[in-house]
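Colleague: Structure below; questions to follow.
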Amino acid sequence: MSERVLMKGNEALAEAAIRAGCRHFFGYPITPQTELAAYMSKVMPKIGGTYLQAESEIAAVNMVLGAASAGVRAMTSSSSPGISLKTEGISYMAGSDLPAVIINVQRGGPGLGGIQPSQADYWQATKAPGHGDLHVLVFAPSSVQEMVDLVGHAFDKADEYRMPAMILADGMLGQMMEPVAIGEGSGGSNVEKPWAANGHKGGRKHNIVNSLYLQAADLERLVKERFERYAVIEEKEAMSESYMTEDAEYIVVAYGASARVAKAAVREARSQGIKAGLIRPITLWPFPKKAIKDAAENAKAFLCVEMSMGQMIDDVKLAIECSRPVEFFGRTGGIIPTPAEVLENIKKLAGGDK
Amino acid sequence: MNDMNAVLAGFGGQGILFMGKVISYAGLIDGKEVSWLPSYGPEMRGGTANCSVCISADPICSPLVITPNVFVAMNGPSFDKFIDAVVPGGIVIIDSTLVDREVTRNDITVCKVPATELAEKNGLKGLANIILIGKLMEQTGFCTMETMQKTIEKIVPAKKQHLVPKNVEAIEIGMNYAG
């Protein structure tokens with residue numbers, strides 16, 4: 001294990017990407033993710049990589065599209081309003097079967113919103129990361145260490161399935177420092193990219209990377225093929241953490257920053273004799289339906305905790321096929337819920353019986 | 001002290017966030033779990049800066065400290081903002097050169113250290129924050145002098161290692177100040 005150092009989440013994301021072999025980063029500053037781009041601007045020139053501050057978020061994401069087309073590992077990062085601008089490029093990449101990593105360090109919305117931590121882009125990330133029939137892989141770290149671990153994983157899975165992957169973080173995780181051990185990383189892709197539109201000196205037939213298909217039948221066939229891949233991903237790639245769920249009657253479902261707060265509340269509820277547990281989705285798409293459904297067997301009720309008005313709650317209800325009540329507690333606009341608030345809601349759920 | 005949940009607050013430029021980093025690194029060097037969360041955005045740009053620091057033997061759940069058991073205040077507005085949030089039995093350390101407030105609570109330990117004045121007198125301008133860490137060590141024993149020495153060597157950049165003795169001196173002044 002490498003030495004543990006203190007690092008900001010944003011910087012750790014950048015360093016982890018570099019160690020995963022990302023040498024092409026295109027960004028545009030926005031609070032609260034700016035340290036990520038700043039780190040890239042310092043390090044990339046020293047290691048023969050590309051750091052480019054584009055003229056806009058749209059330009060940056062299209063530069064990622066270009067770099068990914070050539071078969072290299074490329075990344076961009078932003079925060080909520082900037083991600084909205086990038087959705088066009090994300091859709092084009094999905095439609096071109098291109099692997100790349102997009103980082104969203106979420107802040108309060110809608111509109112310019114605020115700059116404090118939020119999880120209000122869940123719907124955007126998991127349901128409509130761009131126009132058209134598409135998904136992107138969505139990973140939701142809840143610690144700086146997990147941010148590091150998931151960046152390499154996101155690059156690997158993006159390459160494996162030829163699709164964009166998103167790290168859905170938030171301002172709290174981006175700004176905070178925690179001890180982190182950053183391993184050597186994969187240093188690059190193990191996946192062959194015979195489709196890449198790169199230089200070959202006439203050695204093969206040229207490749208075309210494209211998302212335009214004017215024949216409806218061709219497009220339908222392509223989209224259906226893509227959805228077969230998505231089905232494999234839903235089967236194989238869901239990740240979650242279960243905490244004290246074995247005998248839990250009241251199960252909190254929370255991801256990212258709010259999962260940390262929820263864990264403190266679950267721990268306190270246990271000490272007060274309430275059988276509480278936590279399921280923390282690590283992948284938001286694919287959603288860890290099975291883990292949640294399995295936990296429902298012994299559970300009486302669920303509580304979804306989010307830093308939004310309740311965007312994940314429907315996925316929880318679907319996962320358990322509405323077999324148990326699913327309540328919601330959230331704060332939004334940039335407010336981080338407190339463990340005490342979550343505990344109060346667990347108690348409400350547990351009613352009189354302990 | 002088992003778990004330390006600290007809020008450090010003052011003006012931007014006083015080294016509030018750096019103070020938090022030093023404390024966090026000391027925890028890390030001692031093999032504990034730590035977290036550091038700064039205020040960012042308009043709050044900081046408007047002049048006041050604060051950060052939450054947690055040190056624990058166990059993984060840290062929420063890094064945002066709402067009810068601190070340690071509070072260090074380096075200006076009046078910060079003192080006003082957080083003093084009522086301190087848990088009973090908590091420790092409050094005040095730079096009394098800059099904070100002229102009277103403490104009305106009697107369920108907390110209050111240490112008034114004229115850190116800014118002590119720094120100037122001893123030729124340690126800008127190290128008032130480090131003096132306050134010294135006082136915090138004396139009050140809580142959150143780390144040893146040996147750990148702090150290592151911490152300072154680690155956190156002071158390689159090109160500025162000549163500043164290490166001054167920082168150590170500042171820690172000692174804070175530790176030994178009886179006020």
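The values are calculated or read from the model by the stated rules, or taken from the named source; none is laboratory data. From a predicted model like this one, the values you see are computed outputs, not experimental measurements. Note: ideal-geometry Cβ built from the backbone for every residue, glycine included; neighbour counts use all protein chains shown.
Colleague: Taking the stated definitions as given, is A:A70 under 27 Å from A:S308 (Cα atoms) and in contact (Cβ under 8 Å) with a residue 60 or more places away in the chain?
Modeller: Working: under 27 Å from A:S308 (Cα atoms): no; in contact (Cβ under 8 Å) with a residue 60 or more places away in the chain: yes.
Taking the combined requirement at face value, the residue does not satisfy it.
Colleague: Could you figure out which of (1) touching a strand residue (DSSP E or B) at 6+ places or on another chain (Cβ under 7 Å); (2) in a helix (DSSP H, G or I); (3) under 19 Å from B:G174 (Cα atoms) isn't true of B:I94?
Modeller: Only one criterion is unmet by B:I94, namely (2).
Colleague: Exactly one of these conditions fails for B:E33: (1) over 17 Å from the mean Cα position of the chain (by Cα); (2) buried (at least 19 other Cβ atoms within 10 Å of the Cβ). Give me its number.
Modeller: Single failed check for B:E33: (2).
Colleague: While we're here: If a residue has to be touching a Lys or Arg at 6+ places or on another chain (Cβ under 7 Å) and either at positive phi or not in a strand (DSSP E or B) (or both) to count, how many in region B:104-137 make the cut?
Modeller: Looking only at region B:104-137, we keep the residues that are touching a Lys or Arg at 6+ places or on another chain (Cβ under 7 Å), and these are B:111, B:113, B:119, B:124, B:127.
Filter again for either at positive phi or not in a strand (DSSP E or B) (or both), leaving B:119, B:124, B:127.
Count: 3.
Colleague: So, of the residues in region B:45-101 that are among the charged types (D, E, K, R) and more than 26 Å from A:T31 (Cβ to Cβ), which turns out to be nearest to the other protein chains (Cβ to nearest Cβ)?
Modeller: Taking region B:45-101 and keeping what is among the charged types (D, E, K, R), we get B:45, B:58, B:80-81, B:84, B:95, B:100-101.
Of the ones still in play, those that are also more than 26 Å from A:T31 (Cβ to Cβ) are B:58, B:80, B:84, B:95, B:100-101.
Values: B:D58: 9, B:D80: 21, B:D84: 16, B:D95: 24, B:D100: 31, B:R101: 26 Å.
Ranking the qualifying residues of region B:45-101, first place goes to B:D58.
Colleague: When the residues of region A:3-32 are narrowed to those that are in contact with a Gly (Cβ under 8 Å, 6 or more places away or on another chain) and within 14 Å of another protein chain (Cβ to nearest Cβ), which ends up farthest from B:G20 (Cα to Cα)?
Modeller: A:I30
Colleague: For A:K263, indicate whether it is within 14 Å of chain B (Cβ to nearest Cβ) and either closer than 24 Å to A:D170 by Cβ or in a loop (DSSP other than H, G, I, E, B) (or both).
Modeller: Numbers: within 14 Å of chain B (Cβ to nearest Cβ): yes; either closer than 24 Å to A:D170 by Cβ or in a loop (DSSP other than H, G, I, E, B) (or both): yes.
When the stated conditions are applied, A:K263 passes them.
Colleague: Tell me, which residue of region B:1-28 that is more than 12 Å from the chain's Cα centre (by Cα) and more than 13 Å from chain A (Cβ to nearest Cβ) is modelled with the lowest pLDDT?
Modeller: B:M1
Colleague: Scan A:G111, A:G82, A:G48 and give me the residue that is away from chain B (no Cβ under 14 Å) and touching a residue at least 40 places away in the same chain (Cβ under 8 Å).
Modeller: On the way: A:G111 fails: touching a residue at least 40 places away in the same chain (Cβ under 8 Å); A:G48 fails: touching a residue at least 40 places away in the same chain (Cβ under 8 Å).
Within the list A:G111, A:G82, A:G48, the selection yields A:G82.
Colleague: If you don't mind, there's one more thing I want to ask. Being surrounded by 21 or more Cβ atoms within 10 Å (Cβ to Cβ), within 11 Å of chain A (Cβ to nearest Cβ) and either of a type in the set (S, T, N, Q) or touching a Phe, Trp or Tyr at 6+ places or on another chain (Cβ under 8 Å) (or both) is the requirement here; does B:S39 meet it?
Modeller: Working: surrounded by 21 or more Cβ atoms within 10 Å (Cβ to Cβ): no; within 11 Å of chain A (Cβ to nearest Cβ): yes; either of a type in the set (S, T, N, Q) or touching a Phe, Trp or Tyr at 6+ places or on another chain (Cβ under 8 Å) (or both): yes.
Here the answer is no, as B:S39 does not meet what is asked.
Colleague: Name the residues in region A:283-303 that are under 17 Å from A:A238 (Cβ atoms) and either of a type in the set (D, E) or outside any loop (DSSP other than H, G, I, E, B) (or both), would you?
Modeller: So the first thing to find is which residues in region A:283-303 are under 17 Å from A:A238 (Cβ atoms), and the list is A:283-296.
Residues satisfying the conditions are A:T283, A:L284, A:W285, A:K289, A:K290, A:A291, A:I292, A:K293, A:D294, A:A295, A:A296.
Colleague: Are any residues in region A:326-353 assigned to a loop (DSSP other than H, G, I, E, B), away from chain B (no Cβ under 14 Å) and under 27 Å from the mean Cα position of the chain (by Cα), and if so, which ones? Before the answer, list the steps.
Modeller: First, pick out the residues of region A:326-353 that are assigned to a loop (DSSP other than H, G, I, E, B): A:331-338, A:351-353.
Filter once more, keeping what is away from chain B (no Cβ under 14 Å): A:332, A:351-353.
Correct list: A:T332 only.
Colleague: Still on this model: Please indicate, with yes or no, whether at least one residue in region A:209-216 is assigned by TED's automatic domain parsing to the domain that holds A:Y122, in a helix (DSSP H, G or I) and free of Cβ contacts under 8 Å to residues at least 60 places away in the same chain.
Modeller: Start the filter on region A:209-216 by keeping residues that are assigned by TED's automatic domain parsing to the domain that holds A:Y122, which leaves A:209-216.
Applying the additional criterion that residues be in a helix (DSSP H, G or I) yields A:216.
Narrowing further to those that are free of Cβ contacts under 8 Å to residues at least 60 places away in the same chain: A:216.
Taking every residue of region A:209-216 in turn, at least one turns out to be assigned by TED's automatic domain parsing to the domain that holds A:Y122, in a helix (DSSP H, G or I) and free of Cβ contacts under 8 Å to residues at least 60 places away in the same chain.
Colleague: Output the residue which, of all residues in region A:1-48 that are part of a strand (DSSP E or B) and within 19 Å of the chain's Cα centre (by Cα), is nearest to A:D170 (Cα to Cα). Before you say what the answer is, go through the steps one by one.
Modeller: If we filter region A:1-48 for residues that are part of a strand (DSSP E or B), which is where we start, we get A:5-8, A:24-27.
Applying the additional criterion that residues be within 19 Å of the chain's Cα centre (by Cα) yields A:8, A:25-27.
Details: A:K8: 12, A:F25: 20, A:F26: 20, A:G27: 17 Å.
The residue in question is A:K8.
Colleague: Continuing with this model, one more query. Condition check: within 13 Å of another protein chain (Cβ to nearest Cβ) and outside any helix (DSSP H, G or I). Does B:G31 satisfy that? Lay out the reasoning, then the answer.
Modeller: Working: within 13 Å of another protein chain (Cβ to nearest Cβ): yes; outside any helix (DSSP H, G or I): yes.
When the stated conditions are applied, B:G31 passes them.
Colleague: Another question, if that's okay. Among the candidates A:Q124, A:Q175, which residue alone is more than 14 Å from chain B (Cβ to nearest Cβ) and within 18 Å of A:G82 (Cβ to Cβ)? Steps first, please.
Modeller: On the way: A:Q175 fails: more than 14 Å from chain B (Cβ to nearest Cβ).
Going through A:Q124, A:Q175 in turn, the sole match is A:Q124.
Colleague: Moving on to the next point. Somewhere in region B:119-134, is a residue over 23 Å from A:L6 (Cβ atoms), surrounded by fewer than 16 Cβ atoms within 10 Å (Cβ to Cβ), basic (K, R) and touching a Gly at 6+ places or on another chain (Cβ under 9 Å)? Walk me through it before giving the result.
Modeller: Step one: of region B:119-134, the residues over 23 Å from A:L6 (Cβ atoms) are B:119-125.
Subsequent filtering for residues that are surrounded by fewer than 16 Cβ atoms within 10 Å (Cβ to Cβ) retains B:120-123, B:125.
Those left that are additionally basic (K, R): B:121, B:125.
Filter again for touching a Gly at 6+ places or on another chain (Cβ under 9 Å), leaving none.
No, region B:119-134 has no match at all.
Colleague: Let me ask something else. Would you check which residues across region A:132-161 are of a type in the set (A, V, I, L, M, F, W, C) and not in a helix (DSSP H, G or I) and list them? So that I can check it myself, show each step before the final result.
Modeller: Step one: filter region A:132-161 for residues of a type in the set (A, V, I, L, M, F, W, C), giving A:134, A:136-140, A:144, A:147-148, A:150-151, A:154-155, A:158.
The answer is A:L134, A:V136, A:L137, A:V138, A:F139, A:A140.
Colleague: Moving to a separate point now. Scan (1) within 20 Å of B:T48 (Cα to Cα); (2) away from every other protein chain (no Cβ under 14 Å); (3) in contact with a Phe, Trp or Tyr (Cβ under 9 Å, 6 or more places away or on another chain) for the single condition B:E138 breaks and write down its number.
Modeller: (1)
Colleague: Can you confirm whether A:R280 is part of a helix (DSSP H, G or I) and either in the same structural domain as A:A340 (by TED's automatic domain parsing) or surrounded by fewer than 24 Cβ atoms within 10 Å (Cβ to Cβ) (or both)? Give the derivation first.
Modeller: Values: part of a helix (DSSP H, G or I): no; either in the same structural domain as A:A340 (by TED's automatic domain parsing) or surrounded by fewer than 24 Cβ atoms within 10 Å (Cβ to Cβ) (or both): yes.
For A:R280, the condition - part of a helix (DSSP H, G or I) and either in the same structural domain as A:A340 (by TED's automatic domain parsing) or surrounded by fewer than 24 Cβ atoms within 10 Å (Cβ to Cβ) (or both) - is not met.
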